[in-house]
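Scroll down for the structure; my scribbles are underneath it.
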Amino acid sequence: MRIPSTLVEVLLVFALFCSSPWTVWSSNTLCQQTNEEVRPHSVSITEFGAVGDGVTLNTKAFQNAIFYLNSFADKGGAKLFVPAGRWLTGSFDLISHLTLWLDKDAVILGSTNPEDWPVVDPLPSYGRGRELPGGRHKSLIYGHNLTDVIITGNNGTIDGQGSIWWNRFMNRTLDYTRPHLVELMNSTGVLISNLTFLNSPFWTIHPVYCSQVTVQNVRILAPHDSPNTDGIDPDSSDNVCIEDCYISTGDDLIAIKSGWDEYGIAYGRPSTNIIIHRLVGKTQTSGIAIGSEMSGGVSEVHAEDIQFYDSYNGIRIKTSPGRGGYVRNIYVSNVSLANVDIAIWFTGSYGEHPDDAYDPNALPVIEKVTIKDVVGENIKTAGLIEGIEGDNFVNICLSNIILNVTSNYPWNCSYVKGYSDLVQPEACEPLKERIFPDHCSDCYYLTNQIQSSNSQNRGQTSGDIRG
């Protein structure tokens, strides 16, 4: 197809005006196809006396099996095979160089007895349990200081049976913060794939202080009224890839975090290099959220090919005075929304604090957030973008966003500064200034996209000329 010369000229000028010195990292190198590690040693959980009747408690069988497999950690690692059946268990710890493999009809069931979920210390970047002062219950599947850990299978299931925990939370009878379903801490080289996760007591998959984490091809399900059943929460972690997932839960589908107020500031470990591709889901809260615990900083987040439906909110940033930290260099593109109340929601007043020792003058920095190529049908409100007085959110860039909005007041913005192009309904006043031609360099990652488009079109034009 011949590209009109006027379009080529526009693209050339656009790239010229939007030249930038930034070096932009590539998501393609981070999210490469990950194959299951072949382990030279394998045992079945049944060899350690486990009974898959859904009634017998198998905690000791899992613990003993993993203790035995630890002897192969320096011999290429090992696989723990969980065959078809319903395997009731309390919390158990993983080891390095281990594959936990669930067969198609295998279901690991979390015990409904809280005593089978031991209490452990709070995370240092939180200073206390997230819900209550003091410790927290250990996750059903847990690991710390590990390398090369795989949790996978042939579409097996891990079911937290969380309703007992949800009821205790709503009845205010918890003694400690509820447990996650899976938590890996201070670990490197983690793969979670090809499984279904059901009914987590609290957040479902929680990599914290981790590096090189991949979550691929998983389903995460919980009732929409189940409290705080987040899907995947990378927390003070880097080089995280989340791909090809379906999530439908009672809270944020993905929430990127990095510690809470003064404890997160002191711990100082950011979440960075987070890639999200091909995410589909629905929720009564947010599809992709950053925060509200973001005191260690969040940066270099790329989310592309996203579909949310029958949900309250699409893209959200949550913070408040006292958080400190930063959210910067965020790029969200190719988003499809249907029946969503609020498409884009940034709030600077999400003021939940761990204790009275937080510093109200620790203000977060929110800057260089780009959202582009968004379509939405039956959207109530296009955007609520509410910064903090004296601490504006800046360089918020909206490009090519077309929303079918039912409200007469589609945007509400305060204490924010940014730019927009090709946005319908027209963006709010603080974002009306156009990106092109003067503000391309203020908008994260748009430069790279424009130059790529320009190169492709120049190649097509050259082909036409040669032809």
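What to note about this one:
- The residue list Ile330, Ile315 contains one member that is among the β-branched types (Val, Ile, Thr), open to solvent by 10 Å² or more (accessible area, probe 1.4 Å) and within 20 Å of Leu384 (Cα to Cα), which is Ile315.
Matching residues to (1) more than 26 Å from the chain's Cα centre (by Cα); (2) open to solvent by 60 Å² or more (accessible area, probe 1.4 Å); (3) of a type in the set (D, E, K, R); (4) at pLDDT 95 or above:
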position: Pro83; (1), (2), (3), (4): yes, no, no, yes
position: Trp87; (1), (2), (3), (4): yes, no, no, yes
position: Ile95; (1), (2), (3), (4): no, no, no, yes
position: Leu98; (1), (2), (3), (4): no, no, no, yes
position: Ala106; (1), (2), (3), (4): yes, no, no, yes
position: Asp116; (1), (2), (3), (4): yes, no, yes, yes
position: Val120; (1), (2), (3), (4): no, no, no, yes
position: Leu123; (1), (2), (3), (4): no, no, no, yes
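- For the range 37-47, the candidate set comprises residues that are open to solvent by 60 Å² or more (accessible area, probe 1.4 Å) and modelled with pLDDT of 95 or more; within that set, the residue that is farthest from the chain's Cα centre (by Cα) is Glu47.
- Taking each residue of the range 70-88 that is within 21 Å of Thr59 (Cβ to Cβ) and looking for partners that are in a loop (DSSP other than H, G, I, E, B) and open to solvent by less than 20 Å² (accessible area, probe 1.4 Å) with beta-carbon atoms closer than 8 Å, six or more apart or interchain, yields Trp87/Ala50; Trp87/Asn58; Leu88/Asn58; Leu88/Ser111.
- Filter result (of a type outside the set (Asp, Glu) and either in contact with a Lys or Arg (Cβ under 9 Å, 6 or more places away or on another chain) or outside any loop (DSSP other than H, G, I, E, B) (or both)) within the range 91-106: Ser91, Phe92, His97, Leu98, Thr99, Leu100, Trp101, Leu102, Ala106
- Yes/no for Ile342 being out of contact with any Ser or Thr (no Cβ under 6 Å at 6 or more places or on another chain) and under 20 Å from Trp411 (Cβ atoms): no
- Matching residues in the range 68-81 - criterion: being over 31 Å from the mean Cα position of the chain (by Cα) and of a type in the set (A, V, I, L, M): Leu69
- In the range 175-217, the residues that are assigned to a loop (DSSP other than H, G, I, E, B) and over 30 Å from Gly268 (Cβ atoms): Asp175, Asn194, Asn199, Asn217
- Options Leu384, Leu403, Leu446, Leu398: the member that is within 25 Å of the chain's Cα centre (by Cα) and within 30 Å of Ser125 (Cβ to Cβ): Leu384
- Condition broken by Lys432, with the remaining ones in (1) more than 20 Å from Val298 (Cβ to Cβ); (2) open to solvent by 60 Å² or more (accessible area, probe 1.4 Å); (3) under 26 Å from the mean Cα position of the chain (by Cα) satisfied: (3)
- Only strands (runs of 3 or more DSSP E) whose full extent lies in the range 342-419 are considered here, and the ones with at least 2 residues that are among the aliphatic types (A, V, I, L, M) are 365-386, 393-405.
- Residues of the range 107-148 that are part of a loop (DSSP other than H, G, I, E, B), aliphatic (A, V, I, L, M) and within 24 Å of Ile220 (Cβ to Cβ): Leu123, Leu140, Leu146.
Conditions tested, residue by residue: (1) β-branched (Val, Ile, Thr); (2) touching a Leu at 6+ places or on another chain (Cβ under 8 Å).
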{"position": "Cys245", "(1), (2)": "no, yes"}
{"position": "Ile254", "(1), (2)": "yes, yes"}
{"position": "Arg278", "(1), (2)": "no, no"}
{"position": "Gly291", "(1), (2)": "no, no"}
{"position": "Gly296", "(1), (2)": "no, no"}
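- Taken together, the criteria place Gly324 among residues that are outside any strand (DSSP E or B) and at positive phi.
- Selected residue [outside any helix (DSSP H, G or I), within 13 Å of Thr89 (Cα to Cα) and modelled with pLDDT of 95 or more] from Ala50, Ala61: Ala50
- Here Asp310 passes the criteria (1) more than 19 Å from Ile276 (Cα to Cα); (2) touching a residue at least 40 places away in the same chain (Cβ under 8 Å); (3) of a type outside the set (Gly, Ala, Ser) except the one numbered (2).
- Scan of the range 154-195 for residues that are open to solvent by less than 50 Å² (accessible area, probe 1.4 Å), among the aliphatic types (A, V, I, L, M) and under 20 Å from Gly250 (Cβ atoms), ordered by number: Ile158, Leu174, Leu181, Val182, Leu195
- Of the residues making up the range 343-394, those that are acidic (Asp, Glu) and either crowded, with 16+ Cβ neighbours inside 10 Å or touching a residue at least 60 places away in the same chain (Cβ under 8 Å) (or both) are Glu352, Asp355, Asp359, Glu367, Asp373, Glu386, Asp391.
- Across the range 367-378, not a single residue is classified as touching a Cys at 6+ places or on another chain (Cβ under 6 Å) and within 17 Å of Val340 (Cα to Cα).
The values are calculated or read from the model by the stated rules, or taken from the named source; none is laboratory data. Since we're looking at a predicted model, the values are computed, not measured. Note: ideal-geometry Cβ built from the backbone for every residue, glycine included; neighbour counts use all protein chains shown. Surface accessibility is based on the protein's heavy atoms, side chains included, excluding ligands, DNA and RNA. Shrake-Rupley method; radii C 1.70, N 1.55, O 1.52, S 1.80 Å.
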